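I have placed the structure first, in the form of structure tokens, so that the comments after it can refer back to it.
The values are calculated or read from the model by the stated rules, or taken from the named source; none is laboratory data. Please read these numbers as outputs of a predicted model, since none were measured by experiment. Backbone-built Cβ (ideal geometry, glycine too); neighbour counts: all protein chains shown.
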Protein chains: 2
Amino acid sequence: MTHLRHLPLGYGGEFDLISAALRQWGRLASGVGDDCAVLEVPAGMRLVLSVDTAVEGVHFRRAWLTPQEVGYRATTAAFSDIAAMAAEPVGVAIAMTLPDAWRGDFLNICDGIGDATRAVGARIIGGDLTRGRELSLTLTVIGHSASPLSRGGAQPGDALWVTGRLGGPLLAIRAWEQGRAPSSESRARFARPVARFAEARWLAAHGVTAGLDISDGLVSDAGHLAAAGGVQVVVNLDCLPLAPAATTDDAAQSGEEFELLVTGPASLDAAAFEKTFGIPLTCIGAVAPPVSGEPAVEALRHGARVQLPRGHDHFPAA
Amino acid sequence: MTHLRHLPLGYGGEFDLISAALRQWGRLASGVGDDCAVLEVPAGMRLVLSVDTAVEGVHFRRAWLTPQEVGYRATTAAFSDIAAMAAEPVGVAIAMTLPDAWRGDFLNICDGIGDATRAVGARIIGGDLTRGRELSLTLTVIGHSASPLSRGGAQPGDALWVTGRLGGPLLAIRAWEQGRAPSSESRARFARPVARFAEARWLAAHGVTAGLDISDGLVSDAGHLAAAGGVQVVVNLDCLPLAPAATTDDAAQSGEEFELLVTGPASLDAAAFEKTFGIPLTCIGAVAPPVSGEPAVEALRHGARVQLPRGHDHFPAA
């Protein structure tokens, strides 16, 4: 629970923009305005915190998204890290670098940030607005959990599970890059992602041992689980749940899905999960001991080991 | 106290850069690598959190600072908001947008971030690294306090106090913009600022009612105190403590000083403060009831009211 007093702001152009955003957000942002946000962490709870940046030209292009969607997507992407810890969302602090070319869209971006924050039941707790040459949003999100779900607990013998259907964001980007309009379904998966809070809590309550949200792509993120747990993660590509029109390779590589990739009991009740949340829960592999002591990811297709298609890397090796 | 487990990272160019930074930081960043940082907040303590962005070309120019100083300055500026709440620093999460032109300086920037974090006794708790066209550092800093000092408590009858000597950063920027080298003293005030943690705790222990750090400039920040407290703040310009070679107007306008501006008893023992911390504590004005119910700042020179020199505004009204 946040405890922020409302403090009126001073004067100046930067403060006028911030004041306009605060008026638009209303109670969602009540209390913003001191040097710091002040928050109470309930007894028995630990604080979880993550920062996530979305930069124009790197994470999205202006032609692809409305300003509202830019704000909504960046904020949801950040909150997804809180969801992946099976934690409760609390708040978001917004650092925005605003070029002159986007200044007229400022309140629309803020509107999207507000919508995404409201959608997960959190609050806006602070921020920093600065000028710059490219639009950049850095969202610091915080949440609470008595026992956060980490990446590091996968055990040999665990099954590997994934929520939802994969490939939509990649199909949307591919269509835009080829000058086509993506299907409304693929577009929505890119522009209006969902942070899987309730799903993560269900999974944590049913004994999963480790988890993360798919942001770099299934195979890359399986690599994070393997590295963090010191295990081998085996992905059965034939089992991947596919978004409409997506191939298995699309599903294996598509980043910024924000679906959950978890390890845990092979006995999870996928039918009950789908009935509750309206999206599938699919067993797509297993956890094995490390190979020669080294963590690794193995992908199988038709039962044979195949070369791994990797996800996106912002900094490819030279 | 932070409780972070150390989790090895996966592969990829972005992760190689992050891994190199983590190796350089060593124990300062132990535990980074999960979706979120996980932190314990001690019983009776509240969490304080702030985000602060430094963008090349807006907050500094490349020719002015070494890469280490870029990191040091941005990190100290962020921690200064924690100091201004009279809180204990805990940690920093680093969101960096790294253009190709700065890639060779990445570890030097990280070195400066590490030095600044070590200097205040905090830890590196997480981050996000992304590519972009301009160097941008968004630091999310957190701390603890049982009773954070806010901007909003100034009372009519309080005195207005400031730490240190003002004007140095403005003199440094003016020299650079005129193609001159700043004095080493002015340069150091800009390049290696100090977050006044111990000073803020001393002031809080001695009964100050409100406070902030001077980031927008004395007069602008006095306006924040006035607005937050619903009071009139009277600044006696003749009393401003001046950095070497600074004029009163320089001291009134200079931003990013990170000195503390507080309201409280007129009886503070400035001599004891200076003896303890090696910098002056100066009474520079007073708090009065609001004028016609409106918060305001008044500046006096030789006893007469004068037009206020304002600080820097990144977004001047069109």
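Within the range A:10-21, restricting attention to residues that are among the hydrophobic types (A, V, I, L, M, F, W, C) and in contact (Cβ under 8 Å) with a residue 12 or more places away in the chain, the residue that is surrounded by the fewest Cβ atoms within 10 Å (Cβ to Cβ) is A:Ala20.
Scan the range B:115-142 residue by residue and report those that are crowded, with 20+ Cβ neighbours inside 10 Å, under 19 Å from the mean Cα position of the chain (by Cα) and either on the phi > 0 side of the Ramachandran plot or not in a strand (DSSP E or B) (or both). Result: B:Ala116, B:Thr117, B:Val120, B:Ala122. Mind counting the residues in the range A:40-56 that are at pLDDT below 90 and touching a strand residue (DSSP E or B) at 6+ places or on another chain (Cβ under 8 Å)? Of the residues in the range A:40-56, 3 are at pLDDT below 90 and touching a strand residue (DSSP E or B) at 6+ places or on another chain (Cβ under 8 Å). The set of residues in the range A:11-31 that are within 11 Å of chain B (Cβ to nearest Cβ) and outside any helix (DSSP H, G or I) comprises A:Tyr11, A:Gly12, A:Gly31.
Within the range A:77-124, how many residues turn out to be of a type in the set (Asp, Glu) and away from chain B (no Cβ under 14 Å)? Matching residues across the range A:77-124 total 3. Looking across the range A:188-220, the residues that are of a type in the set (Val, Ile, Thr), surrounded by fewer than 24 Cβ atoms within 10 Å (Cβ to Cβ) and outside any helix (DSSP H, G or I) come down to A:Val194, A:Val208, A:Thr209. Considering the conditions (1) more than 30 Å from B:Ile142 (Cβ to Cβ); (2) surrounded by fewer than 20 Cβ atoms within 10 Å (Cβ to Cβ); (3) of a type in the set (A, V, I, L, M, F, W, C), B:Leu237 is excluded by exactly one of them, (2). A:Arg103 meets the stated requirement of being modelled with pLDDT under 95 and either of a type in the set (Ser, Thr, Tyr) or assigned by TED's automatic domain parsing to the domain that holds A:Ala29 (or both). Of the listed requirements (1) touching a residue at least 40 places away in the same chain (Cβ under 8 Å); (2) over 16 Å from B:Leu281 (Cβ atoms), B:Leu160 misses just one: (2). Of all residues in the range B:113-126, those that are in the same structural domain as B:Thr76 (by TED's automatic domain parsing) and more than 12 Å from B:Thr76 (Cα to Cα) have Cβ atoms under 9 Å from Cβ atoms of residues that are in a helix (DSSP H, G or I) and of a type in the set (Gly, Ala, Ser), 6 or more apart or on another chain, in B:Arg123/B:Ala29; B:Ile124/B:Ala21; B:Ile124/B:Ala29; B:Ile124/B:Gly114; B:Ile125/B:Ala29; B:Gly126/B:Ala29. Restricting the first member to the range B:289-300 and to residues that are within 17 Å of B:Ser220 (Cβ to Cβ) and small (Gly, Ala, Ser), and the second to residues that are exposed (fewer than 12 other Cβ atoms within 10 Å of the Cβ) and modelled with pLDDT under 90, the beta-carbon pairs closer than 9 Å and six or more apart or on different chains are B:Ala299/B:Gln307. The single residue among B:Ala63, B:Ala43, B:Ala86 that is buried (at least 24 other Cβ atoms within 10 Å of the Cβ), in a loop (DSSP other than H, G, I, E, B) and not assigned by TED's automatic domain parsing to the domain that holds B:Thr209 turns out to be B:Ala86. Across the range B:151-163, the number of residues qualifying as surrounded by fewer than 23 Cβ atoms within 10 Å (Cβ to Cβ) and assigned to a loop (DSSP other than H, G, I, E, B) comes to 5.
Can you find even one residue in the range A:228-247 that is at pLDDT 95 or above, under 30 Å from A:Leu65 (Cβ atoms) and of a type in the set (Asp, Glu)? No, the range A:228-247 contains no residue that is at pLDDT 95 or above, under 30 Å from A:Leu65 (Cβ atoms) and of a type in the set (Asp, Glu). The number of residues in the range A:221-256 that are of a type in the set (D, E, K, R) and in a loop (DSSP other than H, G, I, E, B) comes to 1.
Total residues in the range B:221-234 satisfying the condition of being touching a helix residue (DSSP H, G or I) at 6+ places or on another chain (Cβ under 7 Å) and surrounded by fewer than 24 Cβ atoms within 10 Å (Cβ to Cβ): the figure is 1. Restricted to the range A:300-315, and to residues there that are more than 23 Å from B:Asp100 (Cα to Cα) and part of a loop (DSSP other than H, G, I, E, B), the residue that is modelled with the highest pLDDT is A:His302. Scan the range B:98-111 and give yes if some residue there is buried (at least 23 other Cβ atoms within 10 Å of the Cβ) and either over 24 Å from A:Thr130 (Cβ atoms) or of a type in the set (S, T, N, Q) (or both), otherwise no. No, the range B:98-111 contains no residue that is buried (at least 23 other Cβ atoms within 10 Å of the Cβ) and either over 24 Å from A:Thr130 (Cβ atoms) or of a type in the set (S, T, N, Q) (or both).
What pairs can you find where one residue is in the range A:204-229 and charged (D, E, K, R), the other is crowded, with 24+ Cβ neighbours inside 10 Å and in a helix (DSSP H, G or I), and their Cβ atoms are less than 7 Å apart, with a gap of 6+ or different chains? Pairs found: A:Asp213/A:Ser80; A:Asp213/A:Asp81; A:Asp213/A:Ala83; A:Asp213/A:Ala84. Scoring A:Pro289 on the criteria (1) in contact with a strand residue (DSSP E or B) (Cβ under 6 Å, 6 or more places away or on another chain); (2) under 14 Å from A:Asp158 (Cβ atoms) leaves a single failure, condition (1). Pairs linking a residue in the range A:35-64 that is more than 7 Å from every other protein chain (Cβ to nearest Cβ) to a residue that is in a loop (DSSP other than H, G, I, E, B) and crowded, with 22+ Cβ neighbours inside 10 Å, with Cβ atoms under 6 Å and 6 or more positions apart or on different chains, are A:Glu56/A:Leu135. Scanning the range A:126-184 for residues that are touching a helix residue (DSSP H, G or I) at 6+ places or on another chain (Cβ under 6 Å) and either away from every other protein chain (no Cβ under 14 Å) or within 27 Å of A:Asp238 (Cα to Cα) (or both) returns A:Arg151, A:Gly152, A:Ala154, A:Thr163, A:Leu166, A:Gly167, A:Gly168, A:Pro169, A:Leu170, A:Leu171, A:Ala172, A:Pro182. If you check B:Leu225, B:Leu240 for being away from chain A (no Cβ under 11 Å) and within 25 Å of B:Glu298 (Cα to Cα), only one passes: B:Leu240.
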